[in-house]
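Structure first, commentary second.
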Ligand SMILES: Nc1ncnc2c1ncn2[C@@H]1O[C@H](COP(=O)(O)OP(=O)(O)OP(=O)(O)O)[C@@H](O)[C@H]1O
């Protein structure tokens, strides 16, 4: 039976009179990866801060097992792993020393700490770097150490706040593999991101956040098929009025994008509209699978990576 690892109940955060997070509710199950996806400033970091107890909610509460995070923070932290946007590793220490030092926070000392750190170094592929100083590591390896540190206490829930920002594509994929392993081991993961490929690849379920509010939620596949359908056309060199007319006739959706327009293809007969578009002799025409970026554009009129 799936067990509930974490519940967020009616979370709000005001700074002054401005609500930056409003009425966020969800449950997170063991072995589930839940993504909070939104553009810069949507409230992702504030939300995750409230979940792990770093930010005090203006209203609402977070339940982790039997514990209320804001009332029983110290106990709750024993069951959590936290990866914030900063690496905050101690540059004076080696990888191994950083991990052993952190193990002490969980009363793991001596042989037990060395054993646990040895296991983690193996599991995270860090053994060859155990004696490197932090500043000798690339960004990708530093992120691995931060993740290793976060799971030293074998947490039930891990919070990852934009964990792969700034990493190159290979390092991001390696990081994703490690996150998938956490899931396989039954850990619940809450991940914030503004990368749609990360959300699509990793997450079982998504909350789409805009201006502090959850505007939709679902599995990546379900959100895509419900909101934009399966296929998208990118087109240039045809007047907007013509495209809007075609979209209206076929019950699809058209909006400006980059130097052209995006149109959804109707699932029941995609080729009919496609052939009509080809007949308009556009200067550029591409047919591709719909993705979460399209979902966000349709729901908000904004791109995920707009600042
Ligand atoms: N301590 C604070 N005081 C006042 N405003 C704040 C504070 N922290 C965050 N904000 C504001 O709250 C809003 C949400 O910020 P938050 O960092 O949660 O967004 P985000 O989605 O994580 O963005 P990013 O992707 O850029 O990290 C922003 O407008 C931000 O300026």
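The values are calculated or read from the model by the stated rules, or taken from the named source; none is laboratory data. Treat the numbers as computed from the prediction; the structure is a model and nothing was measured. For neighbour counting, all protein chains shown are included, and Cβ atoms are generated from backbone atoms with ideal geometry for every residue, glycine included.
Observations
- Residue satisfying condition, being touching a helix residue (DSSP H, G or I) at 6+ places or on another chain (Cβ under 7 Å) and over 15 Å from residue 231 (Cβ atoms), within set 248, 280: 280
- Selection within the range 187-215 - crowded, with 17+ Cβ neighbours inside 10 Å, over 13 Å from the mean Cα position of the chain (by Cα) and over 16 Å from residue 147 (Cβ atoms): 210, 212, 214
- Annotation: of all residues in the range 13-28 being within 17 Å of the chain's Cα centre (by Cα) and either within 13 Å of the ligand (Cβ to nearest atom) or assigned to a loop (DSSP other than H, G, I, E, B) (or both), the one that is nearest to residue 199 (Cα to Cα) is 24.
- Strands (runs of 3 or more DSSP E) (entirely within the range 178-236) containing at least 1 residues that are under 18 Å from residue 28 (Cβ atoms) and touching a residue at least 12 places away in the same chain (Cβ under 8 Å): 188-193, 205-210, 213-218
- Yes/no for residue 151 being free of Cβ contacts under 8 Å to residues at least 60 places away in the same chain and either crowded, with 22+ Cβ neighbours inside 10 Å or in contact with a strand residue (DSSP E or B) (Cβ under 9 Å, 6 or more places away or on another chain) (or both): no
- Scoring residue 10 on the criteria (1) under 24 Å from residue 300 (Cα atoms); (2) within 16 Å of the ligand (Cβ to nearest atom); (3) touching a strand residue (DSSP E or B) at 6+ places or on another chain (Cβ under 9 Å) leaves a single failure, condition (2).
- Against the criterion of being surrounded by 13 or more Cβ atoms within 10 Å (Cβ to Cβ), modelled with pLDDT of 90 or more and either farther than 28 Å from residue 46 by Cβ or more than 16 Å from the ligand (Cβ to nearest atom) (or both), residue 184 does not qualify.
- The one condition in (1) within 23 Å of the chain's Cα centre (by Cα); (2) modelled with pLDDT of 95 or more; (3) more than 16 Å from the ligand (Cβ to nearest atom) that residue 50 fails to fulfil: (3)
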